[in-house]
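I'd like to ask some things about the structure below.
The values are calculated or read from the model by the stated rules, or taken from the named source; none is laboratory data. Quantities reported herein were computed from a predicted structural model and do not represent experimental measurements. Positions of Cβ are backbone-derived with ideal geometry, glycine not excepted, and every protein chain shown enters the neighbour counts.
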Amino acid sequence: MIYFLTVNYYSTSLITKLIASIHNNFHTLSKVVIVNNSVDDLAIRSLQSQDITILEPGENIGFGKACNLGLQWIYSQNQNAIIWIINPDAYFIENIQKKVNCFFATYPEVSILGTIIYTPNNDIWFAGGCFRRATGTISTQDILSSSDAAYVQCDWVSGCSLILNCNNFSECPQFDPIYFLYYEDFDFCQRYAQQGHIVAVTKLFRVIHQPSSITSQNIFNKIKYSTYSYLITLEKYANLFIFFFRLMRLILYAVILMLVKPQVAFGKIYGTLLYLKHLLSFCKIHY
């Protein structure tokens, strides 16, 4: 059974397109779980059916927590499920159900699998994630084009299209709830890789993604949350010198942007303040 898990934030029309592509390309043994992060988006409820479950957290709890809610529900239904976390602004254009089932039957050692992701213009948007601990650099790199392997191990894969093989988890996999939006996929992969799980990406099946069709509607919030999550991630995975170097560079860059891109600049500043608030709360609790 393949469960598709997506998070709704005022994206009913996009999810409708996604579901249509699932029904066209996954004919049997698949279910869709939608976590509704937009309480007043009443249109999403019209999609509820025997094969589509809508979970209502009651408020916008962010991407990671919403995924956790969906993961817990699916895991309670089927601890051996294949769970495909997929963005609302993504969709399928080919029948790949047999390929997916065959992949995990052939390569059961893979716990977390990302897929190659294309834009509607057929440009590669994601084909592997890299991390350089010495510099704190989190980047994407096409590691698939030069390989004929069924999968290539990498440091992280995009939460836009992330498949979990629940057979390899002794308990329900979860995102760190400290993240509201951005970098939770990187942290997820890093944590489970440190526990011995294989994280990989494949080009055997692909997803089409319309980049930033949701988050770019509010540039300030996009930059605020990405900055906050970025600093959380550096704190967890980079050394102290790199963390402070990148923090100072971020603040300086925000000041420079004040006159030319004020929304971006204030987003970076508010994101930094949000992180410092988190740090202060942590210190009060632990000291």
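For segment 55-75, which positions are assigned to a helix (DSSP H, G or I) and surrounded by fewer than 17 Cβ atoms within 10 Å (Cβ to Cβ)?
Scanning segment 55-75 gives Q72, W73.
Each row is one residue, and each column tells you yes or no for (1) outside any loop (DSSP other than H, G, I, E, B); (2) touching an Asp or Glu at 6+ places or on another chain (Cβ under 9 Å).
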{"position": "V7", "(1), (2)": "yes, no"}
{"position": "L18", "(1), (2)": "yes, yes"}
{"position": "H23", "(1), (2)": "yes, yes"}
{"position": "V32", "(1), (2)": "yes, yes"}
{"position": "V35", "(1), (2)": "yes, yes"}
{"position": "D40", "(1), (2)": "no, no"}
{"position": "S46", "(1), (2)": "yes, no"}
{"position": "T53", "(1), (2)": "yes, no"}
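State which residue is farthest from T16 (Cα to Cα) when the search covers only segment 39-75 and only residues that are hydroxyl-bearing (S, T, Y) and either modelled with pLDDT of 95 or more or assigned by TED's automatic domain parsing to the domain that holds Y228 (or both).
Per the stated criteria, the residue is Y75.
When segment 265-281 is examined, which residues are found to be surrounded by fewer than 19 Cβ atoms within 10 Å (Cβ to Cβ) and of a type in the set (F, W, Y)?
F266, Y270
Take segment 76-87 and flag every residue that is in a loop (DSSP other than H, G, I, E, B) and under 19 Å from I116 (Cβ atoms).
N87
Mind checking whether some residue in segment 127-147 is of a type outside the set (S, T, N, Q), over 30 Å from F245 (Cβ atoms) and either assigned to a strand (DSSP E or B) or free of Cβ contacts under 8 Å to residues at least 24 places away in the same chain (or both)?
Scanning segment 127-147 turns up no residue that is of a type outside the set (S, T, N, Q), over 30 Å from F245 (Cβ atoms) and either assigned to a strand (DSSP E or B) or free of Cβ contacts under 8 Å to residues at least 24 places away in the same chain (or both).
Restricted to segment 157-180, and to residues that are among the hydroxyl-bearing types (S, T, Y) and over 21 Å from L231 (Cα atoms), which residue is surrounded by the fewest Cβ atoms within 10 Å (Cβ to Cβ)?
In this case the residue turns out to be S170.
Also, I was wondering about something else. So, in segment 111-156, of the ones that are crowded, with 19+ Cβ neighbours inside 10 Å and touching a His at 6+ places or on another chain (Cβ under 9 Å), which residue ends up farthest from L14 (Cα to Cα)?
S111
I'm trying to understand the selection: among the residues of segment 32-53, which are within 28 Å of K98 (Cβ to Cβ) and within 19 Å of the chain's Cα centre (by Cα)?
Hits for segment 32-53 are V32, V33, I34, V35.
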